[in-house]
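A.B. asks: Below is the structure I would like to discuss, written out as structure tokens.
The values are calculated or read from the model by the stated rules, or taken from the named source; none is laboratory data. Because the structure is a prediction, the values reported are computed rather than measured. Reconstructed Cβ throughout: ideal geometry from the backbone, glycine too, with neighbour counts over all protein chains shown. Side chains included, ligands, DNA and RNA excluded: accessible areas come from the protein's heavy atoms. Shrake-Rupley method; radii C 1.70, N 1.55, O 1.52, S 1.80 Å.
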There are 2 protein chains.
Amino acid sequence: MTGPRELKVIGVIASELTSLADAPMQGAEGAPDAWLEVDAAFADALHGIEAGDELLVITWFHRADRAVLQTRPRSDPRNPMTGVFATRSPDRPNPLGLHPVTVRAVDGRRLRVGPIEAIDGTPVVDIKPVLK
Amino acid sequence: MTGPRELKVIGVIASELTSLADAPMQGAEGAPDAWLEVDAAFADALHGIEAGDELLVITWFHRADRAVLQTRPRSDPRNPMTGVFATRSPDRPNPLGLHPVTVRAVDGRRLRVGPIEAIDGTPVVDIKPVLK
């Protein structure tokens, strides 16, 4: 049963990045482009998105540890322990990932987007335009 | 039972805005400051947040219609029907709200933040720093 705050998976990332070890920490740090494949049930919600648009893709870091409340930023032991709400750590109570991307191409309900550091198979839960 | 993509409410907005009719559509459109009250269970995750920080607050629009896939932007009948993923409509499959705010003050596990258009009682699901 779908609970009141149960996220629906609206699409998935298809990327050449297949392991967390290979993924850069942020999209601007050398991440590749990838396909965002939207589920057929949500295709109508893409209407109006065009190549060149700047979007925020919201993902669900399905491999995250939701019990983590503090971490050392960028996994660097020289950094002090910091609350996860003051960091972009994927380990956090609700492991939402926020990815600013440019739309390179639209192919039906597949969007070519990038750069994006999410690995292959990452669930997508929302897409929003960047406000100018 | 908590499902694999069930969001935890980590805090709540306490605002003078009490009705959707009074709320501006975006924070920069005259919204007030508000308190973000973090639940005691997640207080450790705030460590390191200070007055002056720029944050993204992610809320759950608990009154949204999750079945809406297309809408007219800004509820203006002159605008064409547009996919919700190309708009900031609160009505969308996963009604996540994204609010860029400045921290005005920190009082224990309460953050004074603004401007923010979320109404009183809006659940908060994540807090992230803005990347420079």
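A.B. asks: For segment A:50-89: of the residues being among the small types (Gly, Ala, Ser) and over 25 Å from A:Val12 (Cα atoms), which is most open to solvent (accessible area, probe 1.4 Å)? Even if it seems obvious, please write down each step before you answer.
C.D. replies: Going through segment A:50-89, the residues among the small types (Gly, Ala, Ser) turn out to be A:51-52, A:64, A:67, A:75, A:83, A:86, A:89.
Right, trim to over 25 Å from A:Val12 (Cα atoms) and you get A:75, A:83, A:86.
Values: A:Ser75: 98, A:Gly83: 0, A:Ala86: 30 Å².
By that ranking, first place goes to A:Ser75.
A.B. asks: Is it fair to say A:Phe42 is modelled with pLDDT of 95 or more and of a type in the set (Phe, Trp, Tyr)? Break it down stepwise before answering.
C.D. replies: Working: modelled with pLDDT of 95 or more: yes; of a type in the set (Phe, Trp, Tyr): yes.
It is true that A:Phe42 is modelled with pLDDT of 95 or more and of a type in the set (Phe, Trp, Tyr).
A.B. asks: Considering only residues that are in a strand (DSSP E or B) and over 16 Å from B:Ile58 (Cα atoms), which ones fall in segment B:97-109?
C.D. replies: B:Arg104, B:Ala105, B:Val106, B:Asp107, listed by residue number.
A.B. asks: Could you please give the count of residues in segment B:1-18 that are touching a residue at least 40 places away in the same chain (Cβ under 8 Å), open to solvent by 40 Å² or more (accessible area, probe 1.4 Å) and among the hydroxyl-bearing types (Ser, Thr, Tyr)?
C.D. replies: 1
A.B. asks: Quick check on this structure: which one of A:Pro100, A:Pro93 is of a type outside the set (Asp, Glu) and open to solvent by 40 Å² or more (accessible area, probe 1.4 Å)?
C.D. replies: Values: A:Pro93 fails: open to solvent by 40 Å² or more (accessible area, probe 1.4 Å).
The conditions single out A:Pro100.
A.B. asks: Looking only at segment B:103-116, which residues are within 13 Å of the chain's Cα centre (by Cα) and open to solvent by 10 Å² or more (accessible area, probe 1.4 Å)? Can you show your working first?
C.D. replies: Going through segment B:103-116, the residues within 13 Å of the chain's Cα centre (by Cα) turn out to be B:113-116.
Within segment B:103-116, just B:Pro115 meets the criteria.
A.B. asks: Going through A:Leu131, A:Leu96 one at a time, which residue ends up being within 17 Å of the chain's Cα centre (by Cα) and of a type in the set (A, V, I, L, M)?
C.D. replies: Numbers: A:Leu131 fails: within 17 Å of the chain's Cα centre (by Cα).
On inspection, the qualifying residue turns out to be A:Leu96.
A.B. asks: Looking at segment B:79-132, which of its residues are within 7 Å of another protein chain (Cβ to nearest Cβ) and of a type in the set (Gly, Ala, Ser)?
C.D. replies: Selection gives B:Gly83, B:Ala86.
A.B. asks: Checking B:Val125 against (1) touching a residue at least 60 places away in the same chain (Cβ under 8 Å); (2) open to solvent by 60 Å² or more (accessible area, probe 1.4 Å): exactly one of these is not met. Which one?
C.D. replies: B:Val125 satisfies every listed condition except (2).
A.B. asks: Please go through segment A:57-95 and pick out each residue that is free of Cβ contacts under 8 Å to residues at least 60 places away in the same chain and closer than 15 Å to A:Gln26 by Cβ. Walk me through how you get there before you give the answer.
C.D. replies: Our first condition is that a residue be free of Cβ contacts under 8 Å to residues at least 60 places away in the same chain; within segment A:57-95, this holds for A:63-87, A:89-95.
Selection gives A:Pro73, A:Arg74, A:Ser75, A:Asp76, A:Thr87, A:Ser89, A:Pro90.
A.B. asks: Moving to a separate point now. Please work out which residue is farthest from B:Leu36 (Cα to Cα), limiting yourself to segment B:60-71 and to residues that are more than 10 Å from chain A (Cβ to nearest Cβ) and out of contact with any strand residue (DSSP E or B) (no Cβ under 7 Å at 6 or more places or on another chain). Give the steps one after another, and end with the answer.
C.D. replies: Step one: list which residues in segment B:60-71 are more than 10 Å from chain A (Cβ to nearest Cβ), which gives B:61, B:63-65, B:67.
With out of contact with any strand residue (DSSP E or B) (no Cβ under 7 Å at 6 or more places or on another chain) added as a condition, the list becomes B:63-65, B:67.
Working: B:Arg63: 19, B:Ala64: 20, B:Asp65: 24, B:Ala67: 28 Å.
My answer is B:Ala67.
A.B. asks: How many residues are more than 9 Å from chain A (Cβ to nearest Cβ), buried (at least 16 other Cβ atoms within 10 Å of the Cβ) and of a type in the set (Gly, Ala, Ser) if we restrict to segment B:34-49?
C.D. replies: 1
A.B. asks: Hey, another quick one. Can you confirm whether segment A:9-26 contains a residue that is within 11 Å of chain B (Cβ to nearest Cβ) and among the polar types (S, T, N, Q)? Step through it out loud before you land on a result.
C.D. replies: Step one: filter segment A:9-26 for residues within 11 Å of chain B (Cβ to nearest Cβ), giving A:9-11, A:25-26.
The next check asks that each one be among the polar types (S, T, N, Q); those that pass are A:26.
Yes, that holds for at least one residue.
A.B. asks: Please pick out the residue among A:Ile119, A:Ile49 that is at pLDDT 95 or above and either within 16 Å of the chain's Cα centre (by Cα) or not small (Gly, Ala, Ser) (or both).
C.D. replies: Values: A:Ile119 fails: at pLDDT 95 or above.
After ruling out the rest, the residue left standing is A:Ile49.
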